[in-house]
C-alpha cells in the first residue's frame, strides 16, 4: 500500500511528467490560457492515460510478448491510443460542447502527446505489473493535470499584466514554465525514504 | 494627464517607496547582527548583491523605456537585493551575488513587466537557481566566531578572491541532521553540540547571512505588523505550518524528527515568515487565501526539510506556493455584501426565516 | 509475418467496431453557427464589411474568412460577443469606436431626387420627389449609404455630440502600466 | 417615557465588519461655526434633473414672474421630483445651462433672475399631519419636491410609498456623515434637532414603521447629545453611537451596523423591512409638512484648504458655487480642484458657474497641499489594502486589472456591479491607482454597450420592416403589372375579335357582291 502511494507521489511530484521530464509540452503550452480548459484537458488526458496504460499493458503481455512481436510495439500502442482519444473526443463533444470548442485541435492531438506514448513505453520497458502500470499512468496524469492547472492560473494572471511586447505570449509562457520547473526541483528525493 | 479626475480626491496611504523603506528598516537589525557575526566578507557580499540589483533594475528600466530614477526610487530593487543577500552563505564569492541579482531582477521580475507583475518571488527564485547551479558555493556555512574574523583587507580575498578556507566551513544544523540520518544515526546523538535553543535565537549558529538571529528577525516582523505594513495571517500560518507537523512528528518519533522549536529557530523560517512569504506581489491577496498560502509555505518547508533531498526547503516552498497563489485567490474570493458565497443575491425571505429561528 | 498482419488487423478491426458503436451512441447534430451569428448582426445590410449583407458576413465570420471585428456598426460590443461565441480571442484595443454618427441633410443642396430615401436600409430618410429630405435621428444608424448615394453631396455624416445623459468616464491614462508603449527599438 | 440613553453597536457586529478607513476628518473648523444665511445670487440655475429618475417638465415660460415656493417644473414620471422657485424673480432662460457634472457639459435647466423681494407663493400647512392618512403625508412630501439630501437624491415620496407596500418595520436615520470635510448634517443636528425628530415621527407615520435608529459617528458628540435631548420623549427613536469609519454612511453598511440586517445585493433595503433617510431629508420633510415649505434651500458645507472662511451656509438651491465661495471670503490661493460633495465620493467640477442642487452637501476648494499627494499611477503591487478596505467585499485590484486589459465582462463576473464607488480602495492604494476611475469607466462603457445593443435591435427591426415593405411593394408592383398585362391581352384579344368580325363582314360583303 505504502509502496503504491509512493509510486503515485513519485510520478505526480518528484518525476512530474511535464515539469521534470518535459513530456507533453504541446498541450501544456497550448491549452493553458484558461483554468477551465486546463482542467478539462487534464481530465481528458488522465482518462486517456489510465485507459491507455491498462490497454497497452494487456496488449504487451497478452499479444506482443507471447507472439514475440516487440517490434510492433510503437505501432500498436499508437493505434490503441488513437482509438481511445477518438472515443474521448466523441464523449466530450456530446457532453461538454463548450469544452470541446475550447480544447480545439489539442484534443485530437492527445494522440501524439508524447506523455501518453512515453508512459506506455516506459511501462512496457520496465516490465511493470498491471496495477503498477495503471498507477504509473494515473500518477503521471495527475501530475500533468496539476501542472496544467497551476500553469493556467499563472497564465490567467499573466494575461492581465504588462509583459514587455517582446516577451508577451509564448516566450513568457516558457519562462514561467521554467521557473515552475525550478520550484518542482524542491521535491527531489522525496520518495527515497 | 486627463483633465477629468474621478473621486476620491483624497489620498490616505503611504506610498510604495515608504512601504519598502519600512521593510528595509525592519530588516536592518538582523542584518547588522549578521555583519557582526560573519564580519567584513558578509558586508561586501551584501553591498555587491544590492548594488548589482539596483544596476540591473536601472538597465532594465533603460531597455524598457521607463524612467530609471522612478523605478529605482520605489526601493523594490534594493529590497530584492537585500533579501537575496540575507539568504546567501555569508562568505560566498562576489559573483554568486551578481549572478543571483541578475537572475532575480531580469528574469523573474522585468521579463514579466517589472514591479507588481512578477509571478515568483525574485529573491527566492534566484536562490533556488543558485542552489541548483552552484551547490558547492551555496552550502558553505561557517561557524560564526566574531573573535576570529578576518580583517577589512583579508576579507576582500574571501569575497573577491579564491574563496573560503576549507577548515572554517561546516554543515548547518538541518544539513547535519540530514547527513547523519542517512548514516542511520539517531537524532539524539547527532544533534549534540549542534543545537541549543538560546544560541539559535540570538544567532550563534551556522546559516545564511541574515537568517541566524531569529529573535531580531521576529522583532523586525513585529515592527512591520505594528506599522500595518504586513498582516498577521501569512506569518502566523507559516509558523504554524512548520511547527504543528514538526510537533506531531517529533512527538510520535523523537529519534527521527526535529522538534518544533528547532525547526522554527533554524534555517530561514523567521526571515521567510515575516519578510519573504509576505511579499505582496507573489502572495495571496484574499484574507482566507493568505491563511492557506502561509500554511502551504510552512507545510511544504517542513516536508522538504524532512523527506526531501535538500536540507532547507523554504525557497522551494515559497516558489511552489507562489505558483498556487493565483488559484488560491480565485477560489477564496471574499463574500460580497448582500450576496451568498456563490454570488447569488441574498433572499430576504430566507433571511427573515433565519432571524425568526 | 502473417501473424503480425493478422494481429494488427485484429486490433484495428476491434477499435473500428468500438468507435463505430460509440459514434452512433454519441452522435451530435452539427450546429447552425451561421444562423446564430446572423441573429447577432445588426441586420441593417449596410455592406460596410464588404460582404453582401449581414448573412454573407455571418457566413464569412463563421468560416473564419472574415475577422469578428469586420462589422463597423456592431463595433466593439459585437466583436466581443462574436469572439465569445466562436471561442477566439480578439484584440479590440485597435478598434476605435468613433462614437455614433448621424446623417444630416443640407437643405440648400438637396434636389429631392429620393436616391437616399431608396438606399436607406432603415427607412430613416423621409421625403418625396422634388422635396427636401430629412433624417429621423432615432432611426439613423450612421451607415453612410445615403452619403454615397447623394448626387449633390447634400448628405453628410456628423458625430453625435455627447450630452450629460450619454457622457461616460474616459479610460484612465496610466503611464507605467500601459501595454506595449515602448519607443520603437526598445522592445528588441 | 424618557429613555434617552445612547446605544452602541453590539461588539460582535462591530468586530465582524473590518472594512473602511479612518481618515483625517477635516471637520474643523466648519463643524464649530454656526450655520450662516446664504447669499442672494444674481442668477439661480435650477437643473431639471436634480434627482434619480426622469427629468422634471418645465411649467413656466421665459419672462414669467415666479414667487418663492412656486412649482416651476413638475415630476414627469412615477420616479421624478418637481422643482420649485427658491425666491421670487423672473425666468430668464429655459434650456441649456451650466450643470454640476464632471464633464462640464451643459444640461437642461431653468434660470431665474431674483428680484430681491422674496415674495412668497401662498400655501397652507395641514393642522395636524398625524390625523392625515399616510398617503396624504407622502403626497405633501412629493409636492414639496423632497429628494434624498445625503447625495443619493432618490425622490423621498417614492421611498415612503415603497415603504407602505413592503412592510417596513424600522427607519434608519443616517446622521453618520462619514465624508471628511462635510459638517452640514452635524450642524443641522446640533441646531435643529427638534425639526429632525419631528421629521422622523412624520416618516414613521407615513411608512408605518415602529422604530427609528439614528446612527451618528462618535466624532460628533455634540450632535449626539442634541439628538438625545430632542428625542427624549419619544421611546421609538433610538440614538446609536457608531464608530467613526468611512464609509459608515453607505446605506447597506449602515443598516447592517444599526439593525444587523443585510439587504440583498439585487434588492433594496425595503426587502429587509428597513428604509433609510438622511437627517437633512427628514428636516426637509418636517419643513414641507409643518410649514408647507418646498425644498428650495439646504445647508451646504463650504470648505477646503483654499477657502478663506470655511463654514456651513444655508444656501438657495441653484446658487452658483462661485457665489458661495465668494460668500465665504473667497480663496486664499487658487484652488487646484473644485469638488461638489465630499472628497471621497464628490464629483470634480470643471466650472465654477455650476449651481448647487438638492443633493449638494458641500462644495470644496482644495489647495495645492491637499491635492498634490496624488502622484502618478504606479503599478499595482498586489498589497491587498483595497481588499481589506472594501466595504462590499470586492477585489478592487483584480477588477481594475481586468478593466485595464479590456476584459470588462470579466470584471462584472467578480462583482463590478456591486461596487458602490465609495473610493475607499483608491484612498488606501499605495500605488495611487485611480481604481474608482477605472470602475466608473467600465460601468459607463458597459451601459453604453447595452444601449448600443438595444439600438441595434431597433435597427434590425427597422431593416426587417423595410425588407418586408419592399417585398410587399414588389409584389404589388408585380400584381399591378400582371393586371395590366392581362388588360392588354384582353384588349388585344378584343381587337383581334373585332378585326375578325370586320373581316368576316367584309368577306361576306364581297361574297355577296360576287354572288350578285
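Summary of values
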read-out	value
Using alpha-carbon coordinates, inclination of helix D:134-143 to the longest axis of chain D, degrees	80
Ranked packing of A:68-74, A:113-119, most packed first, by mean Cβ within 10 Å	A:113-119, A:68-74
Distance from the range A:11-30 to the range B:297-334 (C-alpha centre basis), Å	19
For chain D, share of DSSP beta bridges that run antiparallel, in % to the nearest 5	60
Global geometry of the range C:33-86, whether rounded, prolate or oblate, following the gyration tensor of its Cα atoms and the 1.5 cut on a/c	rounded
Residue-averaged 222 nm ellipticity for chain B, from DSSP H runs of 4+ at -39500 (n - 2.57), nearest 500	-18000 deg cm²/dmol
Residue-averaged 222 nm ellipticity for chain D, from DSSP H runs of 4+ at -39500 (n - 2.57), nearest 500	-12000 deg cm²/dmol
Relative packing of D:400-410, C:2-12, which averages over residues the other C-beta atoms within 10 Å, highest first	D:400-410, C:2-12
Förster radius 60 Å - calculated FRET efficiency between residue D:135 and residue A:26, Cβ distance, rounded to 0.05	0.25
Prolate/oblate/rounded label for chain B (Cα gyration tensor, a/c 1.5)	oblate
Average beta-carbon neighbours from other chains, 10 Å sphere, peptide D:432-445	5
Per-residue mean of C-beta atoms belonging to partner chains within 10 Å, peptide D:268-276	2
Stretch gain in nm, segment residue D:488-residue D:28, where the contour uses 0.36 nm per residue and the Cα spacing is subtracted	155.8 nm
Using a Förster distance of 56 Å, the FRET efficiency for residue D:7-residue C:173 (Cβ separation, nearest 0.05)	0.70
Computed [θ] at 222 nm, deg cm²/dmol, chain A (DSSP H ≥ 4; -39,500 (n - 2.57); rounded to nearest 500)	-21500 deg cm²/dmol
Pair residue C:111, residue D:496: separation of 7 Å Cα→Cβ label points (nm)	4.5
Cα Rg, Dmax (largest Cα-Cα span) when computed across chain D, Å	33.2, 142
Fraction of beta bridges assigned by DSSP in the protein assembly as shown that are antiparallel (%, nearest 5)	65
Number of partner chain Cβ atoms within 10 Å, mean per residue of B:118-127	3
Crossing angle, helix B:122-133 versus chain B [Cα axis fit, 0-90 degrees, rounded to tens]	40
Residue C:158-residue C:123 pseudo-label distance in nm [points 7 Å out on the Cα-to-Cβ vector]	2.7
Residues residue B:342 and residue C:138, FRET efficiency given R0 of 35 Å [Cβ-Cβ distance, rounded to 0.05]	0.30
Most to least packed among D:88-100, D:197-209 [average Cβ atoms within 10 Å]	D:197-209, D:88-100
Residue D:64 versus residue A:61: modelled label distance in nm, points set 7 Å from Cα along the beta carbon direction	9.8
Anisotropy class of the protein assembly as shown from Cα gyration tensor, a/c 1.5 cut	oblate
Helix D:156-165 axis, angle to chain D major axis (alpha carbon atoms, nearest 10°)	80
Distance between the range C:112-143 and the range D:446-464 - C-alpha centres, whole angstrom	20
Additional length obtainable on full extension of the chain from residue D:93 to residue D:479, 0.36 nm per residue less Cα span	133.2 nm
Whole-number Å³ per residue for the convex hull built on Cα positions in the range D:168-305	117
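Computed from the coordinates by the stated procedures, all read-outs in this text should not be read as laboratory data. Owing to the predicted nature of the structure, the values given are computational and were not obtained by experimental measurement. Quick reminder, even Gly has a Cβ in these numbers, built from the backbone with ideal geometry, and neighbours come from all protein chains shown.
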